[in-house]
1. Given the options 852, 802, name the one that is without any contact (Cβ under 8 Å) to a residue 60 or more places away in the chain, within 16 Å of ligand 2 (Cβ to nearest atom) and either more than 15 Å from residue 705 (Cα to Cα) or touching a helix residue (DSSP H, G or I) at 6+ places or on another chain (Cβ under 8 Å) (or both).
2. Any chance you could count how many residues in segment 536-552 are within 14 Å of ligand 1 (Cβ to nearest atom) and over 19 Å from residue 499 (Cα atoms)?
3. Would you check if residue 769 is out of contact with any helix residue (DSSP H, G or I) (no Cβ under 9 Å at 6 or more places or on another chain), surrounded by fewer than 19 Cβ atoms within 10 Å (Cβ to Cβ), at pLDDT 90 or above and in the same structural domain as residue 830 (by TED's automatic domain parsing)?
4. If I go through segment 301-329 residue by residue, how many of them are in contact with a helix residue (DSSP H, G or I) (Cβ under 6 Å, 6 or more places away or on another chain) and assigned to a loop (DSSP other than H, G, I, E, B)?
5. Picking from 715, 760, 747, which residue would you name as being in contact (Cβ under 8 Å) with a residue 60 or more places away in the chain and either more than 29 Å from residue 823 (Cβ to Cβ) or not assigned by TED's automatic domain parsing to the domain that holds residue 843 (or both)?
6. Restricting attention to strands (runs of 3 or more DSSP E) lying wholly within segment 457-567, give those where 2 or more residues are in contact with a helix residue (DSSP H, G or I) (Cβ under 7 Å, 6 or more places away or on another chain) and under 21 Å from residue 614 (Cβ atoms).
7. Residue check: is residue 277 modelled with pLDDT of 90 or more, out of contact with any helix residue (DSSP H, G or I) (no Cβ under 7 Å at 6 or more places or on another chain) and surrounded by fewer than 24 Cβ atoms within 10 Å (Cβ to Cβ)?
8. Give the residue, chosen from 574, 660, that is away from ligand 2 (no atom under 16 Å from the Cβ), surrounded by 24 or more Cβ atoms within 10 Å (Cβ to Cβ), over 22 Å from residue 316 (Cβ atoms) and modelled with pLDDT of 65 or more.
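The values are calculated or read from the model by the stated rules, or taken from the named source; none is laboratory data. Every value quoted in this text rests on a predicted model; they were computed, and no experiment measured them. Counting neighbours? That spans all protein chains shown, and the Cβs are built from the backbone with ideal geometry, glycine included.
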Ligand SMILES: *[C@@H]1O[C@H](CO)[C@@H](O)[C@H](O)[C@H]1NC(C)=O
Ligand SMILES: *[C@@H]1O[C@H](CO)[C@@H](O)[C@H](O)[C@H]1NC(C)=O
């Protein structure tokens, strides 16, 4: 999890000015901190946003939807149902298409039949990895008057029903409705029109009011037209910044209901609860819809549906026994209203075993400023099915370099080369492992990215090589705004290539950012993508080495002088598209080009590491970390809990120790500090805190093989690295809104401590399973909410019975220096005395794994026997597998088995091919916990096998005798 969100920036010139003089005066610092909190008035509310007002008003007035299917246009062909719709009020025609896709996914697209000009429909090219595959597994049911019904899926257990008048689409799973579109009649497409046409200039009047054309020129209507023109349909001004809106109103909207689903999750990024709250007022509800519009919101407010840095219009709904999700594929500004209701028009109570109580249903209303309607429905039925369905469409998490999951040390800014060397040495001196040191904007020559400030960093190459020699890496920041300075080669090249964004007068768009007057390259231009990727070649990015990686910040984009601190919506991009259409994917397009640059700079290619602040649907393919963070949304969701958001706003709201302990159990483990803060490298906290921090970081390194295995899993089946409680326990309703505890993989239950001075906490343990304290291996007594102690030196972590976790328990200075270390397997038995787990290993930096050069093992403990076998059948083994060839000697040095009901008399071990004799193994019961932290004596029902001398790449068995 990144802790850099909200790291900096304000459009206040005073802050920008003073940050260079941060050492000057404490008084100034206090002042900065006071004025730096989010300025609510910098950001639009729904009421200050014309299309948001219009769509909400439309919803409030909607009685019956005016959109009807023209029956004789319906066609069902090769998995696509299509036809025409008419808005019966204004006689505008639309084309709808419903695609039945493989793996229980349905796509709905609606566009104008003959728009004045094309509407933006390129999001799919950025977010989807390929054209979705249409299924031919369907059966047309009777097409009766009034509706069209089709069963689909291999067992034909799903159904789509299209109601013709008004247009409404229902998706059913085994005859139970799971998602319905336009159930409440909020479907609305503002057709493109000309400003000087009095009839067509009105955005919604025609739809809602009379269609009697005689009235149209009456005074009242004229008045309405004027009013509508003034209300922002054709021009809008916010905080003195004008949006010229050359195309006028063009918004789209649709309501999506989840009958019987009481919880919905997703649509990051918001500082809100995990299970989303309602948004139309009332107790415990917001008044504003959730907003998706990538913005640089410094020190944002908690418990608020305001937009933040990234946007993923993906929402999951869950009820006992079923999960479904939708993806609203649109990169324009988007708002989502959520309300819940108790109603039972589908007769769900009897089906869903609700008995006499009425199930709660969730109703959502999505609207975007422009584009077309392009929605995907994922019908699960399980959460892991949905992760796979979503990943198959938008791409899975890229497998990161292995260093990326180590510990990152970051600050704005390490001052100079000596400072870097000292911090680096500090880790060695204090015996704390770390992998990456980061340099913020001050490392550049006057904020000209891809250059160095040579007075501070006299020999950047040597600096990187010194770090690299210890198995460590460096990250530098590279932002998407370029200083407007003809002596700056990057700016000059972009200008000469004519790839800069233009304002609405066809002049290069400029604005203010860190370097002062700046310009923005149009990353949606393929020429810009190609050019930028080449900028990372070692002969282009001068004095960069293979130890250097990149951080893309400010890519929402942040424009200090722009409306809401971002780019004007009427800025022009590639092929004339306005910024308004592509805003939310702009940052991802930049991120993609940077990642490609890092991949291509070496032959053979190596995996990139690029952290991006802005994100969108598909970002997981370019930055493993954000993916780790949210797959793209899920990991982030699991912890977009008040806790982490709190970290984001204030850097260190609770003690530094707790902060490190929490980070150690998140996918991305980085400490970052603002330029105005005190230095806070781990050893500056003082004892005993430094020791506690060292322990937390070591905890992370011990588990690196486990984390890496989880990343591999995410890269192939989309399972998030850290998982919400309801994903693990989909039938335990208590878990559906839990956000303060989560799982790492399926195996470790983590509950971060988030308040000052807290030394105990309550944790929910499932009734049906066994859990063990991660440190003492003692079985948890009781289930449901259980109170556990959590002294300052301990983060509450529990082992789930049934898991096998691979660890490396030797302390070294970086992850790279651990790569030949032997393994410890931690086996935690479930109620039946069984456990399973896996281990994935590869070179950690190249793409050789895609050719089969890796080790992937499955461990299975049953009937008092532990088996290690190949994870997949037919894996390339031994001689042809370069990774195994160079890692023949990797071995298991210890096996800890927890939850034994009776100690064995003897334990034997052997290779399954019997190349060696069966050996009797040495073991003991009890002892210390072997992770360097002597918290307590460990539990007695533990067996520790010492040095079984078994190679990790081979098939072997360990057997309890008696
Ligand atoms: C990156 O490398 C691949 C092949 O290795 C090549 O096809 C592609 O054009 C390169 N991209 C850039 C921007 O150089
Ligand atoms: C573990 O082994 C048992 C017994 O052979 C088998 O039934 C079970 O499916 C295995 N579990 C896994 C995850 O492979």
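1. Values: 852 fails: within 16 Å of ligand 2 (Cβ to nearest atom).
The match here is 802.
2. Step one: list which residues in segment 536-552 are within 14 Å of ligand 1 (Cβ to nearest atom), which gives 536-541.
Now narrow it down to the ones that are over 19 Å from residue 499 (Cα atoms): 537-539, 541.
Number satisfying all stated conditions: 4.
3. Working: out of contact with any helix residue (DSSP H, G or I) (no Cβ under 9 Å at 6 or more places or on another chain): yes; surrounded by fewer than 19 Cβ atoms within 10 Å (Cβ to Cβ): yes; at pLDDT 90 or above: yes; in the same structural domain as residue 830 (by TED's automatic domain parsing): yes.
Spelling it out, residue 769 is indeed out of contact with any helix residue (DSSP H, G or I) (no Cβ under 9 Å at 6 or more places or on another chain), surrounded by fewer than 19 Cβ atoms within 10 Å (Cβ to Cβ), at pLDDT 90 or above and in the same structural domain as residue 830 (by TED's automatic domain parsing).
4. 3
5. Working: 760 fails: in contact (Cβ under 8 Å) with a residue 60 or more places away in the chain; 747 fails: either more than 29 Å from residue 823 (Cβ to Cβ) or not assigned by TED's automatic domain parsing to the domain that holds residue 843 (or both).
Within the list 715, 760, 747, the selection yields 715.
6. Details: elements: 473-477, 481-483, 510-513, 516-520, 548-552.
Answer list for segment 457-567: 473-477, 481-483, 548-552.
7. Working: modelled with pLDDT of 90 or more: yes; out of contact with any helix residue (DSSP H, G or I) (no Cβ under 7 Å at 6 or more places or on another chain): yes; surrounded by fewer than 24 Cβ atoms within 10 Å (Cβ to Cβ): yes.
Spelling it out, residue 277 is indeed modelled with pLDDT of 90 or more, out of contact with any helix residue (DSSP H, G or I) (no Cβ under 7 Å at 6 or more places or on another chain) and surrounded by fewer than 24 Cβ atoms within 10 Å (Cβ to Cβ).
8. Details: 574 fails: surrounded by 24 or more Cβ atoms within 10 Å (Cβ to Cβ).
The conditions single out 660.
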